[in-house]
Amino acid sequence: ARQLLALARRLVETEGVLSLDSASLICLPGIGRYSAGIVAAALGERAPAVDTNIARVICRVFAVTPSQAEARKSTNVWSLAFALVEPTLEPARVTWALIDLASATCTTRAPACGNCPLSSECRFARQSAGMAPRMSPSKSAEGESV
């Protein structure tokens, strides 16, 4: 609630005028790297947005193995996400495609590698019997690994 109030005050101070690029958005109270990236991408900026699901896809495809808790904050994961957001494509479409891929195909517990459009490039899918080393499990309540 405090961050929302601070954001509202900033809007009043600027008379509702804000720069909507990711670097400016991330400076706003309550706006993190993911939110700044998703808004900026929606407006056409070549900005990545990495949530837990996108981090899982990137970690599997490129065999990056931070712990689940660290994956969405990993510099390597964010760098790879930026590389995926091609300047010639619509950044928001790339981000939403990764989100959809993570929720429908590259799921946490039962990835459907045979149905994945990235399977030929994915290190996870290419491992013997479709299994790759899993990311270290987080210490979350669910205890799921990616």
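The values are calculated or read from the model by the stated rules, or taken from the named source; none is laboratory data. Everything numeric here is computed off the predicted structure, so don't read it as measured data. In this analysis, Cβ positions are derived from the backbone assuming ideal geometry, glycine residues included, and neighbour counts consider all displayed protein chains. Remember, those area values only see protein heavy atoms, side chains included, never the ligands or the DNA or RNA. Shrake-Rupley method; radii C 1.70, N 1.55, O 1.52, S 1.80 Å.
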* Structure fact -> Relative to the chain, whose Cα atoms define the longest principal axis, helix 75-84 and its Cα axis are tilted in degrees, nearest 10, by 90
* Asked: At a 1.4 Å probe radius, carbon and sulfur cover how many percent of the accessible area of the chain?
  -> 55
* Asked: Once a ≥ b ≥ c are taken as the square roots of the eigenvalues of the Cα gyration tensor of segment 56-108, is the result rounded (a/c under 1.5), prolate (a/b larger than b/c) or oblate (a/b not larger than b/c)?
  -> oblate
* Mean residue ellipticity at 222 nm from the helices of the chain, using -39,500 (n - 2.57) per DSSP H segment of n ≥ 4 over the full residue count, to the nearest 500 deg cm²/dmol? -> -13000 deg cm²/dmol
* To do: With a Förster radius of 25 Å, plug the Cβ-Cβ distance of Leu20 and Asn76 into 1/(1 + (r/R0)^6) and report the FRET value to the nearest 0.05.
  => 0.35
* Asked: What order do you get for 11-24, 71-84 when each peptide is scored by the mean count of other beta carbon atoms within 10 Å, highest first?
  -> 71-84, 11-24
* To do: Go through 87-99, 32-44 and give me the packing order, highest mean Cβ count within 10 Å leading.
  => 32-44, 87-99
* Considering only protein heavy atoms, what per residue accessible area in square angstrom results for segment 1-103 with a 1.4 angstrom probe? -> 56
* Gain in length, Ala8 to Ala112, computed as 0.36 nm per residue apart minus the alpha-carbon separation, to one decimal in nm? -> 33.1 nm
* Work out, in µm²/s and without decimals, the Stokes-Einstein translational diffusion coefficient of the chain at 4 °C, 1.567 mPa s, Rh from Kirkwood over C-alpha pairs. => 79
